[in-house]
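The values are calculated or read from the model by the stated rules, or taken from the named source; none is laboratory data. Keep in mind that what you see is a predicted model, and the values were worked out from it rather than measured. Counting neighbours? That spans all protein chains shown, and the Cβs are built from the backbone with ideal geometry, glycine included.
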Amino acid sequence: MAYYPSLRDYKTKSERVRIIENIQRLKSALEQEVPRKNLEENLLIATWNIRELGKNDKAVRMRESLFYMAEVISSYDLVAVQEIGNDLKDLKELVKILGPEWDYLITNITEGASGNGERLAFLFDTRKVIFRKVVGEIVLPDPKGASAKQLARTPFIVAFQSGWFKFYITTVHIYYGKATKSSAEYKRRAKEINDVATFLKKRTAKEKENHLILGDFNITGRDKNDATLKALLDGGFKIPPALLALSNANTNADGTMPYDQIAYIDQPGYMEFNNNTNSVGIFNFFQHVFRKEDETIFEGEVKKSKLSYKQWKTFQMSDHLPLWIEFKVDFSENYLNKLKTEEYKK
């Protein structure tokens, strides 16, 4: 549930009513598509590449867009966000709308042409998610006799807990480059995915904890022979069965590519997915805000941007859709049964 007091700032009643009706459409759709948040039973984790949040020089992001983003994010408990820029004004306003229960952790910008001056972040509902005081950016170790080529954008790793569920979570925004599968840029993309997955697999084996990796991998196919998806699987991570079972797992706004992904390495008995019919999904906000029938409302803003309406609205919301999954967080019965079978130690 987001907070709306600042909606009073809109001077005209018609504009305020239009924005409220958009929020209400979003709320209704989210209630139907996303499981209800429950303090003791479930955890909803999402990943969302929000196009140029705080780094938007092509189209000014209107304040009303932040209300819509907050409504979407508030339906989850923990959200990994990619493509945040240097200016944190919009992010801070977004968190303010989410309300006092929400907090965030964010990286510094990644320097260099490939880094694109971007940040990665986690937004989380503190009523459900506990920050376990471990946070960092991943730097790949040097192989013997050589220097490791670092990822274009430094992955962000944090330790969290919700209920009985303890886990590390890493978010990434993998290098894109040319989409041609024979190109050097595409091969670099696949290598980045495999490098970070392999690194985290080794780390997880030492720490004996659950590990999630999620974000914008720029994955190009769902076939296990696709080089980008194969790079993730070969690195030791698994795709949740419910996500594999989705009939359409494309997360770009055009609905053509499964760029975003959620994968995991689990400690058996201490990570469990909910298996309801709606335990995983992709939310298409453009069915409810910035719709085709709304185009005339924004003619002036679109004209100033010199973009098409289709392009412009992705700078208001994003050119990616949020991907989410539901976990169970109550392992108390498992723990009690385990204790029953253990030998007594004096």
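A few remarks follow.
- Condition met for T296 (without any contact (Cβ under 8 Å) to a residue 60 or more places away in the chain and polar (S, T, N, Q)): yes
- Flag for N278 being out of contact with any helix residue (DSSP H, G or I) (no Cβ under 6 Å at 6 or more places or on another chain), modelled with pLDDT under 95 and either closer than 26 Å to M69 by Cα or of a type in the set (F, W, Y) (or both): yes
- Yes/no for F131 being surrounded by fewer than 20 Cβ atoms within 10 Å (Cβ to Cβ) and not β-branched (V, I, T): yes
- Yes/no for E83 being in a helix (DSSP H, G or I) and of a type outside the set (A, V, I, L, M): no
- Of the candidates A59, A46, A29, the single residue that is outside any loop (DSSP other than H, G, I, E, B), aliphatic (A, V, I, L, M) and surrounded by fewer than 22 Cβ atoms within 10 Å (Cβ to Cβ) is A29.
- The residue list N334, N275 contains one member that is touching a residue at least 40 places away in the same chain (Cβ under 8 Å), surrounded by fewer than 20 Cβ atoms within 10 Å (Cβ to Cβ) and under 21 Å from A242 (Cβ atoms), which is N334.
- Of the set (1) surrounded by fewer than 16 Cβ atoms within 10 Å (Cβ to Cβ); (2) of a type in the set (S, T, Y); (3) touching a helix residue (DSSP H, G or I) at 6+ places or on another chain (Cβ under 9 Å), all apply to S147 but (3).
- Number of residues in the stretch 151-184 that are crowded, with 16+ Cβ neighbours inside 10 Å and of a type in the set (S, T, N, Q): the value is 4.
- A Cβ distance below 8 Å, combined with a sequence gap of six or more or placement on separate chains, defines the contacts here; from the stretch 62-76, residues that are part of a helix (DSSP H, G or I) reach residues that are modelled with pLDDT of 95 or more and among the small types (G, A, S) in the pairs I73/A46.
- Matching residues, the stretch 230-259, being surrounded by 18 or more Cβ atoms within 10 Å (Cβ to Cβ) and touching a Phe, Trp or Tyr at 6+ places or on another chain (Cβ under 7 Å): L232, F237, P240, A242, T251, N252, A253, Y259
- Some residue of the stretch 276-290 being farther than 21 Å from F122 by Cβ, aliphatic (A, V, I, L, M) and part of a helix (DSSP H, G or I): no
- Scanning the stretch 307-346 for residues that are over 19 Å from L66 (Cβ atoms), among the polar types (S, T, N, Q) and within 29 Å of the chain's Cα centre (by Cα) yields a total of 3.
- Count - residues of the stretch 150-159 that are part of a strand (DSSP E or B) and within 15 Å of the chain's Cα centre (by Cα): 3
- The condition of being at pLDDT below 95, hydrophobic (A, V, I, L, M, F, W, C) and either in a loop (DSSP other than H, G, I, E, B) or loosely packed, with under 12 Cβ neighbours inside 10 Å (or both) holds for only one of L307, L339, that being L339.
- Residues within the stretch 212-226 that are out of contact with any Asp or Glu (no Cβ under 6 Å at 6 or more places or on another chain) and under 18 Å from V79 (Cβ atoms), tallied: 5
- Residue check, E301 of a type outside the set (G, A, S) and touching a Pro at 6+ places or on another chain (Cβ under 8 Å): no
- In the set (1) modelled with pLDDT of 95 or more; (2) touching a Phe, Trp or Tyr at 6+ places or on another chain (Cβ under 6 Å); (3) closer than 17 Å to Q316 by Cβ, the condition left unmet by L43 is number (3).
- Among (1) at pLDDT 95 or above; (2) closer than 19 Å to K96 by Cα, the one test that G54 misses: (1)
- Scanning the stretch 281-296 for residues that are farther than 10 Å from A29 by Cβ, surrounded by fewer than 20 Cβ atoms within 10 Å (Cβ to Cβ) and under 21 Å from the mean Cα position of the chain (by Cα) turns up just one, F286.
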